[in-house]
Amino acid sequence: MTWSEMQPLLAQGTVDTLYMVLWSTLVTVLGGLPLGILLVLTDKDGLLQNAPVNKVVGVIVNIGRSLPFIILLIALIPFTTFVVGTFIGPTAMIVPLAVGAIPFFARLVETAIREVDHGLVEAVQAMGGSVPTIVRKVLLPQALPSLVAGVTTTVIALIGYSAMAGAVGGEGLGSKAVTYGFQRFENGFMLATVVVLILIVTAVQLLGDGVVRLLARRGRTAS
């Protein structure tokens, strides 16, 4: 396969991969952020201490994290079909990608929130701050660099998931690698796919690291 033949396939695969990853990242953040905050708030000595709720949420998150993505992908076919109308294609893959990543991101959020200085929380409480105020004004701003790092890690994990999803009905670089690189024994195309994936992951990591450093500098300046 010549480069002129590879180029449109790689371009379409890259577009489909970015489409799946960007939308699933958005859903993951919207779902994982409140879950992670809830884990902290309902934990022992939390602002909304509630052992039963904490345990239930913790079990759900742990189950979601423990399932291999390929099994989750297949198990969610009926749900994906119900939500999207099909279980094939890049739009359909957003559902299992997000479901698989939400528990993973929730734990990263939990870790980031726990790193916030509890003295700041107590100070806002002493001034009569409500729980939503503490979350909005203290926990999230103080944990923002760690949260951005968590999003970066999650995006990179989703890129790997998307390549796997491409092998079982999705599109993207994973699908192109299987169809053209593996099934047609086009080793050059397989290598090109790997290089593109490495470039995407590297770009995401560099961007995430840059944002984290910028936020950290602003935090030091503000303090």
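The values are calculated or read from the model by the stated rules, or taken from the named source; none is laboratory data. Owing to the predicted nature of the structure, the values given are computational and were not obtained by experimental measurement. So basically every Cβ, Gly included, is an ideal-geometry build from the backbone, and we count neighbours across all protein chains shown. Side chains are part of the model used for accessible areas, which takes the heavy atoms of the whole protein and leaves out ligands, DNA and RNA. Shrake-Rupley method; radii C 1.70, N 1.55, O 1.52, S 1.80 Å.
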Starting from residues that are over 20 Å from the mean Cα position of the chain (by Cα) and not hydrophobic (A, V, I, L, M, F, W, C), keep the ones in region 67-89 and report whichever is most open to solvent (accessible area, probe 1.4 Å). 78
Per the list (1) open to solvent by 40 Å² or more (accessible area, probe 1.4 Å); (2) over 15 Å from residue 14 (Cα atoms); (3) in a helix (DSSP H, G or I), residue check on residue 190 breaks on (2)
State the number of residues belonging to region 49-65 that are of a type outside the set (D, E, K, R), open to solvent by 80 Å² or more (accessible area, probe 1.4 Å) and in contact with a helix residue (DSSP H, G or I) (Cβ under 9 Å, 6 or more places away or on another chain). 3
Residue under evaluation residue 176, criteria (1) under 28 Å from residue 15 (Cα atoms); (2) among the charged types (D, E, K, R); (3) in contact with a Pro (Cβ under 9 Å, 6 or more places away or on another chain), criterion not met: (3)
Checking the structure you have, find out if any residue of region 141-152 is among the small types (Gly, Ala, Ser), modelled with pLDDT under 90 and open to solvent by less than 60 Å² (accessible area, probe 1.4 Å). no
How many residues does region 153-172 contain that are open to solvent by less than 30 Å² (accessible area, probe 1.4 Å), assigned to a helix (DSSP H, G or I) and within 13 Å of residue 76 (Cβ to Cβ)? 1
With respect to residue 103, is the statement that it is buried (at least 16 other Cβ atoms within 10 Å of the Cβ), closer than 30 Å to residue 164 by Cβ and touching an Asp or Glu at 6+ places or on another chain (Cβ under 9 Å) true? no
On the given criteria, is residue 92 touching a helix residue (DSSP H, G or I) at 6+ places or on another chain (Cβ under 8 Å), more than 19 Å from residue 33 (Cα to Cα) and either touching a residue at least 40 places away in the same chain (Cβ under 8 Å) or crowded, with 19+ Cβ neighbours inside 10 Å (or both)? yes
Looking at region 115-132 only, could you name the residues that are without any contact (Cβ under 8 Å) to a residue 12 or more places away in the chain and exposed (fewer than 14 other Cβ atoms within 10 Å of the Cβ)? 118, 119, 122, 123, 126, 127, 128, 130, 132
